[in-house]
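Structure first, then comments.
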Amino acid sequence: MGNFLAGKVIAVTGAGRGIGRAVALAAAAEGARVVVNDYGVPIEGGEPESEVAESVVKEIVAAGGQAVAVADDISTMAGGQRIVDVALAQYGRIDGVVCVAGILRERMLFNMSEEEWDPVVATHLKGTFTVFRAASAVMRKQGSGTLIGFTSGNHQGSVAQANYSAAKGGIISLVRSAALGLNKYGVTANAVAPVARTRMSANVPMELKEIGEPEDVAALVTYLLSDRAREEKITGQVYTIAGPKIAVWAQPRELRAGYAEGAAWTPERIADFLPGTVGVDPMPMLAQLEAMARAAAAKERPNA
C-alpha cells in the first residue's frame, strides 16, 4: 500500500470494470477510502448488474483497503447525491470524485433516434453533473476537493457517435466551468481523455498507434487527485494519456480575426472578406477520415 492519497475519500463512477475499476483500485492502493459506484449496465444497454461494484469492493478489502459499493444510477440527481451521502456517512468527508461511467449507442446522425441520444448524454454529461453538483457543495464548505471528468478525443467530433461526442465536449466545458467557479473555494477540476484498452476501445474501427492500459490512466488520475497536483495549481485542464504519452489540450481561444471598415456587414461583403482574411481552422479529423478512406480502398486497416 502506498500513501499518495493517504487519508482521502474518493468516489469513482463506472468503477466496476475497465478504467473505473483501475482508478478505484489505484486510489485504494495509495491509501484512499473509496466509494465504488457502478450501475452495472453493459455499454450497449441492458439490465443493470449491481454485483460488479461489490466485486471491486471485495478486491480492495482483500488487499487491505477500505471501500463501499453504491449501485445507484448517476444519470439521476438522487443517484449522484447518494454517492456523496454514502461517502459522508461512511467516512465523514469527500475529497475527490472521478466520473468515468459511460455507455455507447452508435448510429449515424441522420439515423439517430431520441432513444439513442438521451441515455448517452444522460450517463456521460448529466452523470458527471449530478456527482459534481453534490460533491462541490461539500467541497466548497471544506475548502478543498478535486473533481475529475472523463472526456475523449472524440470531443473533436465523430462520424457515427454524435451523441457520445457531444456529451464528451460538454464534459470539458463543465470541467472548465467548475474550475472557474470553485477556484476561490480551493476546489480544482480537470478532465482526462484516455486512450486505453477497454470494452469501448475494442470497437474502434482502426489500428490505434498510441494506446495504453487502464492502469496508465489510473496513475494520472491518482496524481490529479493528490496534494502534489493541488500544490501545482493544476485546474481547468484536459489531459490525454495513451501508454507512454501524456498530452495537454489547448484552451479555447480566438485563432484569427479580421475587421472591415465602413459599411455594415452584408452576405456579399463577408463572402469577399472571410475566406482570405479570417479563413478556417482545418479539422484534423477530416484529414484522418480521408486517410482512412484511402486505406479502405487499398484494403488495409487504417491507422490513427
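The values are calculated or read from the model by the stated rules, or taken from the named source; none is laboratory data. Just so it is clear, the structure is predicted and the values come from calculations on it, not from any experiment. Every residue, glycine among them, receives a Cβ derived from its backbone with ideal geometry; neighbour counts consider all protein chains shown. Just the protein is used for accessible areas: all its heavy atoms, side chains included, with ligands, DNA and RNA removed. Shrake-Rupley method; radii C 1.70, N 1.55, O 1.52, S 1.80 Å.
Beta bridges assigned by DSSP with both partners in the chain are antiparallel in approximately 10 percent of cases. Shape summary of the chain, radius of gyration then Dmax from alpha carbon positions: 21.0, 74 Å. Applying D = kT/(6 pi eta Rh) to the range 93-205, where Rh is the Kirkwood radius over alpha-carbon pairs, T corresponds to 37 °C and eta to 0.692 mPa s, the Stokes-Einstein value obtained is 224 µm²/s.
Which distance in Å, rounded to a whole number, links the C-alpha centroids of the range 233-289 and the range 84-133? So the two Cα centres are separated by 29 Å.
Only Cα sites of the range 1-146 enter the Debye sum here, all with the same form factor; the resulting log10 I(q)/I(0) across q = 0.09 1/Å is -0.27, listed in q order. Computed over protein heavy atoms with a 1.4 Å probe, the accessible surface of the chain works out to 51 Å² per residue.
Note on Lys126: lysines with a C-alpha under 17 Å away, same-chain residues under 8 apart excluded, are Lys168.
What's the magnitude of the charge dipole for the chain around its Cα centre, counting Lys and Arg as +1 and Asp and Glu as -1 at the beta-carbon? Answer in Debye, nearest 20. Walk me through the numbers before you get to the answer.
On the way: 29 positive and 32 negative charges, 158 e Å.
The calculation lands at about 760 debye.
The listed peptides 24-34, 140-150, ordered by packing as a protection proxy, come out as 24-34, 140-150 (highest mean of other Cβ atoms within 10 Å first).
Convert 4 °C to kelvin, take the viscosity as 1.567 mPa s, use the Kirkwood radius over C-alpha pairs of the range 103-147 as Rh, and evaluate the Stokes-Einstein diffusion coefficient in µm²/s, rounded to a whole number. Diffusion coefficient, whole number: 105 µm²/s. Per-residue 3J(HN,Hα) values for the range 281-292, derived from phi via the Karplus relation 6.51 cos²θ - 1.76 cosθ + 1.60 with θ = phi - 60°, read 10, x, 8, x, 5, 5, 4, 5, 4, 5, 5, 5 Hz in sequence order (x marks Gly and Pro). Rg/Rh for the range 47-113 stands at 1.09; both radii use Cα atoms, and Rh follows the Kirkwood definition.
With contacts taken as Cα pairs under 8 Å and at least 6 residues apart, the chain reaches a relative contact order of 15 percent. The magnitude of the dipole of the range 30-155, with charges of +1 and -1 set on the Cβ of Lys/Arg and Asp/Glu and taken from the Cα centre, is near 780 debye.
Take the cross-link list Lys141/Lys233; Lys245/Lys299; Lys8/Lys58 and give me the ones stretching past 26 Å between alpha-carbons. Over 26 Å apart, Cα to Cα: Lys245/Lys299.
When the accessible area of the range 226-270 is split by element with a 1.4 Å probe, what percent falls to carbon and sulfur? Result for the range 226-270: 54 percent of the exposed heavy-atom area is carbon or sulfur.
Each peptide in 107-119, 217-229, 62-74, 275-287 receives the mean, over its residues, of other Cβ atoms within 10 Å, and ordering these scores from highest gives 217-229, 62-74, 107-119, 275-287.
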